[in-house]
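Read through the structure below, which is laid out as structure tokens, and then see the notes.
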Amino acid sequence: MTQQRTDGTPSAEPATAYLEALRGRLAADGCGVTVTLWGDHQVVIGSRSDRKARWFGTKVQLFVLASAVPRLDDAVLADFTGWAMEYAGDLRGGLPGARNALMVLPTLISADVRPSATEWAAKDARIQGTSVIARPVVIETPTSGAGRATMYRGGVVWGGMFTTHVLEKASLYYP
């Protein structure tokens, strides 16, 4: 039997279930999947590298860093996004910028999402230097267990040739 909270705080169970399902979708798409910590939150990391002729031989490394949090606002998302970009940058192989682009999908999942978080995620991609591009993702998990994803789906100046690829992967990971 599932315990229902009586203090008005949404249960973390749907967010945790979504995170586990995301882990499975990442593995099914051929991502290497590992786990680390961000503060006291478990972070699932999925990573993959792709190279296509239409990218003129450039390799794109895609990192998904995802965690379930009890409450999500723009400040928490900004902090996690900055951390995820640095962490993925430390994990990447090859030389930054030398035919090697890094795309990051910092993903926070919560049943308690403030409008400021979804607005911040949908506003734009975040760029660090010239070779790290993040598209923060907010997953709102209502008690039904389904998730609603919000992220920036437009183009970017740096790394624009990878936009279609990243959005295709995002549609697999966040159905």
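Coordinate-derived values only; no laboratory data. Please read these numbers as outputs of a predicted model, since none were measured by experiment. Cβ atoms come from the backbone with ideal geometry, glycine included; neighbour counts cover every protein chain shown.
Some observations on this one:
- Extension gain, GLU20 to ASP40: 0.36 nm times the residue separation minus the Cα-Cα distance gives 5.5 nm.
- ASP124 paired with ASP79, simple spin-label distance in nm, labels 7 Å along Cα-to-beta-carbon: 2.3 nm
- Net charge over other residues, Cβ less than 12 angstrom from the Cβ of VAL76 (K, R count +1; D, E count -1): -2
- Length gained when the stretch ASP50-GLU86 is fully extended (0.36 nm per residue, less Cα-Cα span): 10.9 nm
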